[in-house]
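Read-outs: derived from the displayed coordinates by stated rules, not from any lab. Remember, predicted model here, so these are calculated numbers, not experimental data. Every residue, glycine as well, gets a Cβ built from its backbone with ideal geometry; the counts of neighbours run over all protein chains shown.
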Amino acid sequence: MKPFTIALVAGARPNFMKIAPIARALRERAEAAREAGVDMRVSIVHTGQHYDENMSKVFFRELEIPEPDRHLEVGSGSHAEQTARIMMAFEKYLLQVMPDWVVVVGDVNSTIACALAAKKLGVKVAHVEAGLRSFDMSMPEEINRKLTDAISDLLFVTEESGVQNLRSEGVATEKVFVVGNVMIDTLLRNLAKVEGPDFSPSPTVKAFCDNGHRYAVLTLHRPSNVDRRETLAPIWGVLSEIARRIPILFPVHPRTRGKIREFGMKENGIALVDPVGSLDMLYAVKGAALVLTDSGGLQEETTALGIPCVTIRENTERPVTVTMGTNYLAGTDPAMILAAANEILEGNAKKGSIPPLWDGNSSLRIADLFLDIAMDRRSIAGESH
Ligand code: UD1
């Protein structure tokens with residue numbers, strides 16, 4: 001009999017944090033299935049959207065993700081080029097392997113490209129981190145999220161807002177499962193590692209974080225913030241002002257590094273370093289007095305760690321980090337960013353709590369469902385394609 005095969009897709013840095021625990025949990029459940037006489041297999045496909053050593057390989061190593069079974073090596077390009085190249089390469093893979101399910105995570109170009117290629121071939125699609133909405137269609141990620149959710153057969157949701165968003169878009173409730181947050185599975189596992197006796201951060205991170213002073217951590221890479229001088233300059237200005245109060249560590253995304261160089265911006269006391277791995281990043285963030293970011297993942301990680309976070313964006317698709325967590329949605333107005341940072345630095349940061357099911361077991365919930373499907377104990381709504 002043909003094995004029951006799940007293809008797990010990852011392409012860009014934030015994806016790797018999400019597939020690591022899912023791959024582990026699915027492989028554990030595949031063991032259980034095999035013991036019960038069902039041949040359940042898990043394949044990992046890397047699209048190659050991110051390819052630098054410090055944007056990709058280091059994550060596979062640190063997060064103990066098995067080597068991909070297939071690497072599509074698509075690389076960078078315009079949105080249309082990159083998405084099309086991933087679709088073409090992934091379609092070839094699909095035609096050879098014909099998995100029963102394709103599992104995609106997050107909201108990057110690899111997510112929608114692989115979901116779309118699979119769906120067109122009649123392969124079922126599961127989306128992890130479904131239902132998040134910024135309601136800002138100028139964000140490429142929002143387009144990717146909405147389209148992926150619209151064609152997914154199974155939708156795994158991290159927070160209550162996701163359920164409501166999917167309901168209002170008419171997604172059948174039987175397809176939607178609130179499982180919590182797989183990124184927090186990774187966070188909690190990594191936390192045990194960085195707090196363990198064998199861990200030592202890289203010399204750069206150690207020198208910055210372990211010198212007895214309080215510090216902030218910054219990440220900034222959204223095209224809407226960094227691509228144009230008119231938007232980056234005021235943000236850079238207020239960050240330079242905050243840097244006069246507290247040293248800022250800034251692991252710089254390649255996109256942002258290029259723009260800072262192009263616009264001739266000065267470092268102004270902000271410590272620019274190359275992108276760091278997940279363990280170094282966690283080490284830096286857990287010791288920080290404040291995180292400044294436009295990333296989606298860091299909003300969630302700081303909430304899980306109870307570290308104050310100022311989000312430099314006008315909206316968030318992760319509202320629970322604001323309503324329950326430690327996140328301040330400051331927007332891009334320098335005065336608002338400064339006010340939020342000052343409130344935190346003066347010791348008045350709001351106290352957050354941890355959202356439901358962000359407990360380290362989200363991947364197991366997902367894998368359990370797939371085990372049931374493999375064992376044919378559960379059929380999924382919307383079976384027809
Ligand atoms: C992508 C995701 C974004 C995610 C981010 C995390 C989309 C639409 N965007 O944005 O949601 O938050 O990843 O990092 O999928 N580059 C390198 N080395 C690499 C990868 C990229 O130098 O390994 C440079 C290239 O010049 C490339 C640029 O970074 O053109 C942008 O990369 P791309 O994957 O297109 O988008 P990101 O900005 O990384």
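Using only Cα atoms, find the angle between the long axis of helix 334-345 and the longest principal axis of the chain, and express it within 0 to 90 degrees, rounded to the nearest 10.
90 degrees
Would the chain count as rounded, prolate or oblate if I go by the C-alpha gyration tensor, calling it rounded below 1.5 in a/c and otherwise prolate when a/b exceeds b/c, oblate otherwise?
Verdict is prolate for the chain.
Report, in debye and to the nearest 20, how large the dipole of the stretch 179-306 comes out about its Cα centre when Lys and Arg carry +1 and Asp and Glu carry -1 on their Cβ. The partial results should precede the final answer.
Numbers: 15 positive and 14 negative charges, 76 e Å.
About 360 debye.
Under 5 Å between amide hydrogens, which residues at least 5 positions from V42 or on another chain qualify, with H placed 1.01 Å from N in the peptide plane?
I6
When a/c is below 1.5 the answer is rounded, else prolate if a/b is larger than b/c, else oblate, so apply that to the stretch 1-97 with a ≥ b ≥ c taken from the square roots of the Cα gyration tensor eigenvalues.
Oblate, because a/c is 1.5 or more while a/b does not exceed b/c.
Multiply the residue gap between S240 and A172 by 0.36 nm, knock off their C-alpha separation, and tell me the result in nm, one decimal place.
19.7 nm
Go through 271-280, 41-50 and give me the packing order, highest mean Cβ count within 10 Å leading.
Ranked from most to least packed, the peptides come out as 41-50, 271-280.
For the stretch 296-336, place one equal point scatterer on every Cα, skip the solvent, and apply the Debye formula. What is log10 of I(q)/I(0) at q = 0.15, 0.18, 0.19, 0.20 Å⁻¹?
-0.28, -0.41, -0.45, -0.50
Tell me, what HN-Hα J-couplings in whole Hz come from the Karplus equation 6.51 cos²θ - 1.76 cosθ + 1.60 at θ = phi - 60° for each residue of the stretch 348-356, using x for Gly and Pro?
With the stated coefficients, the stretch 348-356 comes to 10, 5, 5, 8, x, 9, 8, x, x Hz.
Over the chain, what relative contact order in percent results from Cα pairs under 8 Å that are six or more residues apart?
Worked out over the chain, it gives 17 percent.
Ranked highest first by average number of other Cβ atoms within 10 Å, how do 92-104, 21-33, 133-145 line up?
Packing order, densest peptide first, comes out as 21-33, 92-104, 133-145.
Using a 7 Å offset from the Cα along the Cα-to-Cβ direction at both H213 and V38, what is the distance between the two label points in nm, to one decimal?
Label at H213, label at V38, 5.7 nm between them.
Which listed residue (N165, L187, A117) has the Cα farthest towards the positive end of the charge dipole for the stretch 102-238, taking +1 on Lys and Arg C-beta and -1 on Asp and Glu C-beta about the Cα centre?
A117
If you keep only loop residues by DSSP, which trypsin sites (Lys or Arg not before Pro) in the stretch 289-369 have at most 13 other Cβ atoms within 10 Å of their Cβ?
Counting only loop positions with at most 13 other Cβ atoms within 10 Å, the trypsin sites (Lys or Arg not before Pro) in the stretch 289-369 are K350, K351.
If you take the beta carbon distance between D69 and Q164 as r and set R0 to 35 Å, what does 1/(1 + (r/R0)^6) give as a FRET efficiency, to the nearest 0.05?
After rounding to 0.05, the efficiency reads 0.45.
Given the peptides 158-165, 197-204, 12-19, arrange them by the average over their residues of other C-beta atoms within 10 Å, most packed first. Working shown, then result.
Working: 158-165: 20.1, 197-204: 12.1, 12-19: 24.5.
So the peptides 158-165, 197-204, 12-19, ranked by packing, come out 12-19, 158-165, 197-204.
Report the label-to-label distance for R27 and M137 in nanometres (one decimal), using points 7 Å from each Cα along the Cα→Cβ vector.
4.2 nm
What size of dipole, in debye to the nearest 20, comes out for the stretch 231-296 about its Cα centre when the only charges are +1 on Lys and Arg C-beta atoms and -1 on Asp and Glu C-beta atoms?
80 debye
Under the rule of -39500 (n - 2.57) per DSSP H run of 4 or more residues, summed and divided by the residues of the chain, what mean residue ellipticity at 222 nm is obtained, to the nearest 500 deg cm²/dmol?
Taking each H run of at least 4 residues, the total per residue is -14000 deg cm²/dmol.
Tell me, what HN-Hα J-couplings in whole Hz come from the Karplus equation 6.51 cos²θ - 1.76 cosθ + 1.60 at θ = phi - 60° for each residue of the stretch 117-125, using x for Gly and Pro?
Result, ordered by residue: 4, 5, 4, 5, 9, x, 8, 5, 10 Hz.
Can you tell me the dipole magnitude for the chain around its Cα centre, using point charges on the Cβ only (Lys, Arg +1; Asp, Glu -1), in Debye to the nearest 20?
It works out to roughly 340 debye.
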